Structures are given as C-alpha cells and as structure tokens.
Amino acid sequence: MKFDTRLISDLIKNRRSIYPVHYSGETVDDAIIEEMLENANWAPTHKFTEPWRFTVFTGGGLKTLATFQAELYKKKSMLKGAFEEKKFNMLSTKPLMASHVIAIGMKRDEEERLPESEEISAVACAVQNMHLTATAHGVGAYWGSGGITYLEEAKAFFGLGEKDKLLGFFFVGIPKGGWPKGRRKPISKKTAWVKS
C-alpha cells in the first residue's frame, strides 16, 4: 500500500502550536474532536498497553476545569506561602478561551512490563496524531504542561491513579487571523549517517 507522501509531509510541516489567546471564540464541532481522539487511539504502543487517557472539557465543563485547577493551585500555593494572584487568574480564565480542552493522561501498565518512558512516549505519539488531525481541519491546538499538571492531588480528578501521570492539557480552538509560519534549523545539522 502506498500513500501520497506530499500530503502527509505538508500536514506535518504545517502543524503549529496555536495558543488560546489566538482563538476566535467559535466552537469546534465535536465530530472533529472525536476524529482527533480516534486517530490518537492509533498511536504506536509497545505491548499494546494503549496508555493514553483523555478527559474532554467543553461548554460548561470548561468552567468546571478552570475552577478546579485554580482552586487546587490556590490551596497548594497558600500552604507554601507562594500564592500569585496573576497565576490564579490565568488558571481561572485560560480554559474558557478554548472550544475544548483535553486533559492528557498516561495510564501505567499495571504489570509494569515496560519502562514508564515508553508509555509516556506512546501518549506523546497519540497527542501528535490529535494535533495533525486538528491541523488537517484548520483547527488550532497546543499542548500545555503548566498549572496543575504535575500535582499529585490533581490526578484523581481526571480518573488517574497513583502510578499514572497527568501530562498536561491540549487546548483546541478555531484560530483567528492567518495560520502561523513555521521555522526549523536544517535536519542535516541534527543527523549523523553511518553507512558502513
């Protein structure tokens, strides 16, 4: 089986991180989100652990996410005496700028048959599949790992257990304005060939 490599190469080279501040406020059709998730499900997975777990927030769910993360941040930072009003406000409002926010989780293989890094890599491949699908539809997206991502107390809210990981949030929205240009240094500066 052969495919048109020009299409996939164009898609890969035009994928961009487009941030919520650049979203128009329009709603992305749930059918596109479902296609993104279905394509995520076809990521490579060693031993078929399929470790990706997603929680999709949209509509009133965006406010639920915003409130949860802002309040958790406030509780944790107050205990340390490190509360910042600006960060609290950002966590309270950023999800509301998106059409959908998808929490990205990694469900650890219960038997731990492979290194954790391989399962994290599988989830990253799943997210790349989502991102490429969004790009194909002209939908903006970006994977953020700030805020409450690495707080142990956050995991249960997303259905994750002690050995699992919350790996961030995938923001999705219709971009306003043009599609951003990309840039990369030449691959020749990052590659060594060994032919004998």
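Just so it is clear, none of the values below were taken in a lab; they were calculated from the coordinates. Note that the coordinates shown come from a computational prediction; the quantities given were computed from them, not determined experimentally. Reconstructed Cβ throughout: ideal geometry from the backbone, glycine too, with neighbour counts over all protein chains shown.
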Residue count, region 105-121 (criterion: surrounded by 20 or more Cβ atoms within 10 Å (Cβ to Cβ) and either part of a helix (DSSP H, G or I) or of a type in the set (Phe, Trp, Tyr) (or both)): 1
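Counting only residues that are of a type in the set (Val, Ile, Thr) and outside any strand (DSSP E or B), which one in region 169-196 is surrounded by the most Cβ atoms within 10 Å (Cβ to Cβ)? So that I can check it myself, show each step before the final result.
Looking only at region 169-196, we keep the residues that are of a type in the set (Val, Ile, Thr), and these are 172, 174, 187, 191, 194.
Imposing the further condition that a residue be outside any strand (DSSP E or B) reduces the set to 174, 187, 191, 194.
Details: Ile174: 19, Ile187: 7, Thr191: 7, Val194: 4.
Per the criteria, the residue is Ile174.
Listed residues Val28, Val56; which is touching a Ser or Thr at 6+ places or on another chain (Cβ under 6 Å) and either outside any helix (DSSP H, G or I) or not β-branched (Val, Ile, Thr) (or both)?
Details: Val56 fails: touching a Ser or Thr at 6+ places or on another chain (Cβ under 6 Å).
None of the others qualify; the one that does is Val28.
Confirm whether Lys87 is of a type in the set (D, E, K, R), part of a helix (DSSP H, G or I), more than 18 Å from Phe170 (Cβ to Cβ) and touching a Ser or Thr at 6+ places or on another chain (Cβ under 9 Å).
Details: of a type in the set (D, E, K, R): yes; part of a helix (DSSP H, G or I): yes; more than 18 Å from Phe170 (Cβ to Cβ): yes; touching a Ser or Thr at 6+ places or on another chain (Cβ under 9 Å): yes.
The answer is yes for Lys87.
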So, first residue closer than 14 Å to Leu160 by Cα in region 39-58, second residue assigned to a loop (DSSP other than H, G, I, E, B) and of a type in the set (D, E, K, R), Cβ within less than 9 Å, six or more apart or across chains; the pairs are Pro51/Lys107; Pro51/Arg108; Pro51/Asp109; Pro51/Asp164; Trp52/Lys107; Arg53/Lys107; Arg53/Asp164
Given (1) among the hydrophobic types (A, V, I, L, M, F, W, C); (2) within 29 Å of Val21 (Cα to Cα); (3) surrounded by 12 or more Cβ atoms within 10 Å (Cβ to Cβ); (4) out of contact with any strand residue (DSSP E or B) (no Cβ under 9 Å at 6 or more places or on another chain), where does Ile102 come up short, assuming only one miss? (4)
Counting only residues that are out of contact with any helix residue (DSSP H, G or I) (no Cβ under 8 Å at 6 or more places or on another chain) and not in a loop (DSSP other than H, G, I, E, B), which one in region 146-168 is surrounded by the fewest Cβ atoms within 10 Å (Cβ to Cβ)? Glu152
Among residues of region 64-96 being in contact (Cβ under 8 Å) with a residue 24 or more places away in the chain and surrounded by 18 or more Cβ atoms within 10 Å (Cβ to Cβ), the residue farthest from Gly159 (Cα to Cα) is Lys94
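Could you please find all residues in region 104-125 being more than 20 Å from Leu65 (Cβ to Cβ) and under 12 Å from the mean Cα position of the chain (by Cα)?
Ala124, Cys125
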For region 124-141, check the following and say yes or no: at least one residue is surrounded by fewer than 18 Cβ atoms within 10 Å (Cβ to Cβ), of a type in the set (A, V, I, L, M) and more than 27 Å from Ala31 (Cα to Cα). no
